[in-house]
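The values are calculated or read from the model by the stated rules, or taken from the named source; none is laboratory data. This one's a predicted model, so the numbers in the text were calculated from it and none came from an experiment. FYI the Cβ positions are ideal-geometry reconstructions off the backbone, even for glycines, and counts take in every protein chain you see. Please note that ligands, DNA and RNA were not included when accessible areas were found on the heavy atoms of the full protein model with its side chains. Shrake-Rupley method; radii C 1.70, N 1.55, O 1.52, S 1.80 Å.
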Amino acid sequence: MGWLTPTMQDLLLDAFWETLVMVGASAAIAVAVGLPLALLLQVTGRGGLRPLPWLNRPLGLLVNAARSTPFIILMVAIVPFTRLVAGTSIGTGAAIVPLALAATAFLARLFENALREVDAGVVEAARAMGASRWQIVTKVLVPEALPGLIAAVTVALVSLVGFSAMAGAIGGGGLGDLGIRFGYQRFMPEVMATVVLILIVFVQGLQSLGDWLVRRLSHR
Amino acid sequence: MHPPSHHPADGPAIRLAGLRKRFAAGGAPALDDVSLELRTGEVFGIVGRSGAGKSTLIRTVNLLERPDAGSVTVMGRDLLALDEAGLRAARRGIGMVFQHFNLHHRRTVAENIGFPLEVAGMPAAARRARVAELLPLVGLEAKRDAFPAQLSGGQKQRVGIARALASAPSLLLCDEATSALDPETTAEILALIRSLRDRLDLTVLLITHEMGVVKAICDRVAVMEAGRIIEQGRVFEVFTRPAQPTTRRFVAEVIGHGVPPGTLARLPPAPPGQQRRLAQVLFLGPHSTRPVISEASRDFGLDINIVSGRVDEIAGEPFGVMALAVCGAAAAIDAAFGWMRGLGLVIEEDVAWAG
Ligand SMILES: Nc1ncnc2c1ncn2[C@@H]1O[C@H](COP(=O)(O)OP(=O)(O)O)[C@@H](O)[C@H]1O
Ligand SMILES: [Mg+2]
């Protein structure tokens, strides 16, 4: 363990923190934007509470376009936008922009699927009881879909850990960046292995937490 | 939050007139000129095969389904004339119970029952008090904090019923409310609906594909086929004097003249010059005590075998049903049947005996 000098420990800790910030911030943005987007897609879709094809189709196309663009290309393609928002195109802050964008599109679809799983009968019962559309969204759709929404966030978080390593490789910092710089460029396979181990444990932790929450909230 | 009160003198509780609905252009209509009136306080059943249009019809009563044509008047109010907010308010005065219960999986029993009150904007404390009144009404005091997944089908439907009654509606719609339940639980839930009707002065519209449900709790019944109402009337009348073939088939499920095939095969052949005929005889009301069969046998010179028989009750009125094997001269049998019909008995010879 001679390679694990205090300096290297600090580097690992900083890198882990940067990964946490990238994943956490972009996930928070993705949830905040993705959930309203998913609700809009669900409500305006065919058989939704208020079908509006003229809104639903373009919105769906936009989300699909963002989803089908490979992350590495998306990251490069939106550099001007990233500069505009973050003031720079490198560093952890800048990496959050493309990560949040990709995660938003990804989550919007996962959320939409979770919302679609809500028993149509429960929605119909709420309509029969005189609930407004807004009440149906806030009191039926979202609460009933909550376990599915949490499962979707878990999936998104795990994907974001992977994407953040990619973003890190082109100047974003984080564990992925550290692993590449030391493990690959300076021939220190121990560092690479440690980074991978931390990522595995981290992802496993996220998944277990998500699964536990889903189980707790389901009542099925 | 209560709907404007409606008095029996104001007219029917529900008045549907000339309803038409077609889901696919050019397809068969789901509703084809349906008109119906429910009297305040009655339990009205609509029976029909799957796909007859029953659900579409009951869903027009609270406009979950908008008809293409016709009018929907509930408690004297024209629902089609209401705006969104008005319709939502009107719906709060109409309770609805569903085949698959449609409970919120992540809400407790108490939270499910309180949902319509929450939607109506009732404060939490008042809601709790109202839910506490409703729980004993459906016998679920012990389950107030349970989740739907922890309940049996019958208990889930009790929650559905309590929820439908939370806003103190005067009208209850039941869409196949017992079709997902076993026979014993079905009887329990039907008894509950009937007793709630009596205690809370409800008017109940229920649809079902089971004639047994109609027999158990309805006052009047309409039979639906291919989007039309083909027959309607008091349950006892419809059961004992069905006019349409479809109605007869439905009634047969419950009146049950099932005679084992073996029994029919064992009947001896008629002697030469005589006939042996099978007939189903319904004894209604006052005649059920008169010794009609021995009189017929004696006065018309017939041999009468009782193949099967039982006494039953529809909507509280007793009736007897028998399968008779009658042996004698054709003219004597005809005369005997004519005499029995004159007494008010219903005699049918062209029934599907095996069953
Ligand atoms: N939302 C719908 N879209 C298209 N067709 C429908 C819809 N609801 C009912 N139908 C059709 O209308 C007819 C009547 O259906 P329904 O009222 O559900 O019958 P029932 O309740 O008697 O089984 C059926 O042919 C059914 O397929
Ligand atoms: Mg139906």
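Defining a contact as two alpha carbons under 8 Å apart and six or more residues distant in sequence, what relative contact order in percent does segment A:6-218 show?
Details: 254 pairs, mean separation 56.2, N = 213.
The normalised contact order for segment A:6-218 reaches 26 percent.
Segment B:164-243 to segment A:47-119: how many Å between their Cα centroids?
Using only Cα atoms, the two centres lie 51 Å from each other.
Where both residues lie in the protein assembly as shown, what percent of DSSP beta bridges are antiparallel, nearest 5?
Roughly 70 percent of the DSSP beta bridges within the protein assembly as shown come out antiparallel.
Please list, in chain and number order, the residues 5+ apart from B:LEU103 or on another chain whose amide H is under 5 Å from its amide H, with Hs placed from the backbone.
Those lying under 5 Å, H to H, from B:LEU103: there are none.
Based on the Kirkwood radius over alpha-carbon pairs, what is the Stokes-Einstein translational diffusion coefficient of the protein assembly as shown at 20 °C with 1.002 mPa s viscosity, in µm²/s? The partial results should precede the final answer.
Numbers: Rh = 29.0 Å.
Reported coefficient: 74 µm²/s.
Tell me the mean residue ellipticity at 222 nm calculated for chain A from its helices only (DSSP H runs of n ≥ 4, each -39500 (n - 2.57), averaged over every residue, nearest 500). List each step's numbers first, then the result.
Details: 10 runs with 169 residues, N = 220.
When only DSSP H runs of four or more count, the value is -25500 deg cm²/dmol.
Got the relative contact order for segment B:259-348 handy, in percent, Cα pairs under 8 Å and 6 or more residues apart? Spell out each step's value before the answer.
Numbers: 137 pairs, mean separation 35.3, N = 90.
39 percent.
Enter the angle in degrees (range 0 to 90, nearest 10) between the Cα long axis of helix B:245-255 and the first principal axis of the Cα atoms of chain B, meaning the one along which they spread out most.
90 degrees
Work out from phi, with θ = phi - 60° and the Karplus expression 6.51 cos²θ - 1.76 cosθ + 1.60, the ³J(HN,Hα) of each residue of segment B:95-109, listed in order in whole Hz, and give x for Gly and Pro.
Ordered by residue, 3J(HN,Hα) equals x, 9, 10, 10, 4, 9, 6, 6, 8, 6, 5, 9, 10, 6, 3 Hz.
What does the average come to when, for each residue of peptide B:112-124, you count the partner chain Cβ atoms lying within 10 Å of its Cβ? All intermediate terms of the calculation are to be shown ahead of the outcome.
Numbers: counts 2, 0, 0, 8, 6, 1, 4, 9, 4, 1, 0, 0, 0.
That average works out to 3.
Please give, to one decimal in nm, the separation of the simple spin-label points placed at A:ARG216 and B:ALA265, each 7 Å out from Cα toward the Cβ.
Each label point lies 7 Å from its Cα, and together they span 6.8 nm.
Picking from B:THR208, B:THR56, B:THR263, which is most flexible by a Gaussian network model of chain B using Cα springs under 10 Å?
Maximum fluctuation in the GNM of chain B, among the listed residues, is at B:THR263.
Give me the residues in segment A:102-125 whose solvent-accessible area, probe 1.4 Å, is reduced by at least 10 Å² once all protein chains are included instead of the chain isolated.
Residues losing area: A:ASP119, A:GLY121, A:VAL122, A:GLU124, A:ALA125.
Determine the total buried accessible area between chain B and chain A, counting protein heavy atoms only with a 1.4 Å probe; round to the nearest 100 Å².
Numbers: alone 16080 and 12240 Å², together 26130 Å².
Summed over both sides, the interface buries about 2200 Å².
For B:SER297 and B:ALA126 in the same chain, what is the full-extension length gain: residue separation times 0.36 nm, less their Cα-Cα distance, in nm? Mind dumping the intermediate values first?
Details: separation 171, 0.36 × 171 = 61.56 nm, distance 7.00 nm.
So the chain would gain 54.6 nm between B:SER297 and B:ALA126.
What residue among B:VAL238, B:VAL311, B:VAL47 has the largest mean-square fluctuation in a Gaussian network model of chain B, using Cα springs under 10 Å?
In this elastic network of chain B, the residue with the biggest mean-square fluctuation among B:VAL238, B:VAL311, B:VAL47 is B:VAL311.
Taking θ = phi - 60°, what integer Hz values does the Karplus form 6.51 cos²θ - 1.76 cosθ + 1.60 yield along segment B:187-202, in sequence order, with x for Gly and Pro?
Per residue, the Karplus-derived 3J(HN,Hα) values read 4, 4, 5, 5, 5, 4, 4, 5, 6, 5, 4, 5, 6, 10, 6, 8 Hz.
According to a simple spin-label model (label point 7 Å from Cα along Cα-to-Cβ), what is the distance in nm between B:ALA146 and A:SER132?
3.6 nm
In terms of Cα to Cα distance under 15 Å, which aspartates and glutamates are near enough to B:LYS21, apart from those fewer than 8 places away along the same chain?
B:ASP32, B:ASP33, B:GLU65, B:ASP68, B:GLU225
Subtract the Cα-Cα distance of B:ARG22 and B:SER179 from 0.36 nm times their separation in residues, and report this length gain in nm to one decimal.
Values: separation 157, 0.36 × 157 = 56.52 nm, distance 2.55 nm.
Going from the current span to full extension adds 54.0 nm.
What are the lysines whose alpha-carbon lies under 22 Å from the alpha-carbon of B:LYS215, with same-chain residues fewer than 8 places away excluded?
B:LYS54
Using only Cα atoms, what is the ratio of the radius of gyration of chain A to 2.2 N^0.38 Å?
Working: Rg = 20.2 Å, N = 220, 2.2 N^0.38 = 17.1 Å.
So chain A has a normalised radius of gyration of 1.18.
Under the rule of -39500 (n - 2.57) per DSSP H run of 4 or more residues, summed and divided by the residues of chain B, what mean residue ellipticity at 222 nm is obtained, to the nearest 500 deg cm²/dmol? Display every interim value, and only then the final one.
Details: 12 runs with 124 residues, N = 355.
Helix-only estimate at 222 nm: -10500 deg cm²/dmol.
Share of chain A's accessible area from carbon and sulfur, percent, 1.4 Å? Intermediate values should be presented prior to the final figure.
Values: 7580 of 11110 Å².
So the carbon and sulfur contribution to the accessible surface is 68 percent.
Take every DSSP beta bridge whose two residues both sit in chain B, then give the antiparallel share in percent to the nearest 5. Present the calculation step by step, with values, prior to reporting the outcome.
Working: 43 of 63 bridges.
In chain B, DSSP labels about 70 percent of beta bridges as antiparallel.
Which lysines does A:LYS139 reach when only Cα atoms under 21 Å apart count, and residues fewer than 8 places away in its own chain are ignored?
B:LYS156
Would you kindly state how much longer the chain becomes between A:LEU84 and A:MET8 on full extension, computed as 0.36 nm times their sequence separation minus their alpha carbon distance, in nm to one decimal?
Values: separation 76, 0.36 × 76 = 27.36 nm, distance 3.40 nm.
Between A:LEU84 and A:MET8, full extension yields 24.0 nm more.
For segment A:180-197, take each phi angle, set θ = phi - 60°, evaluate the Karplus expression 6.51 cos²θ - 1.76 cosθ + 1.60, and give the result in whole Hz per residue in order, putting x for glycine and proline.
With coefficients 6.51, -1.76 and 1.60, one gets 5, 4, 8, x, 9, 7, 10, 6, 10, x, 4, 5, 4, 4, 5, 4, 4, 4 Hz.
Which residue, A:LEU55, A:LEU107, A:LEU37, has the most motion in a Gaussian network model of chain A that connects Cα atoms within less than 10 Å?
Of A:LEU55, A:LEU107, A:LEU37, the most mobile in the Gaussian network model is A:LEU55.
Set the Förster radius R0 to 51 Å, insert the Cβ-Cβ distance between A:SER68 and B:GLU84 as r into 1/(1 + (r/R0)^6), and round the FRET efficiency to 0.05. Working shown, then result.
Numbers: r = 38 Å, r/R0 = 0.75.
Efficiency at R0 = 51 Å is approximately 0.85.
Which distance in nm do the two modelled labels at A:GLN185 and A:LEU209 give, with both placed 7 Å along the Cα-to-Cβ direction?
About 3.0 nm separates the two model spin labels.
Would you mind checking the tilt of helix A:6-44 against the longest principal axis of the Cα atoms of chain A, expressed as 0 to 90 degrees and rounded to 10?
On a 0 to 90 degree scale, this one is about 20.
Where only protein heavy atoms count, and the probe is 1.4 Å, what is the accessible area per residue for segment B:259-348 in Å²? Before the final figure, lay out each step's value.
Details: 4400 Å² over 90 residues.
Here the per-residue accessible area is 49 Å².
Quick one: if the Förster radius is 45 Å, what FRET efficiency do B:GLU349 and B:SER71 give, using the C-beta to C-beta distance and rounding to 0.05? Show your work: numbers first, answer last.
Working: r = 44 Å, r/R0 = 0.97.
For B:GLU349 and B:SER71, the calculated efficiency is 0.55.
Assuming a ≥ b ≥ c are the square roots of the Cα gyration tensor eigenvalues, decide whether segment A:104-220 counts as rounded (a/c under 1.5), prolate (otherwise, with a/b larger than b/c) or oblate. Please report the intermediate quantities before stating the final value.
On the way: a/c = 5.60, a/b = 2.89, b/c = 1.94.
Because a/c hits 1.5 or more and a/b exceeds b/c, segment A:104-220 counts as prolate.
Remind me, relative contact order of chain B in percent, using alpha carbon pairs under 8 angstrom and six or more residues apart? Could the numbers behind the result be given before it?
Details: 660 pairs, mean separation 62.3, N = 355.
Worked out over chain B, it gives 18 percent.
Which of the residues in segment B:81-99 lose at least 50 Å² of accessible area when you go from the chain alone to all protein chains together (probe 1.4 Å)?
When all protein chains are present, B:ARG88, B:ARG91 each give up 50 Å² or more of accessible surface.
Taking chain B as the reference, fit the longest principal axis to its C-alpha atoms, fit the long axis of helix B:124-137 to the helix C-alpha atoms, and give the angle between the two in degrees, 0 to 90, nearest 10.
20 degrees
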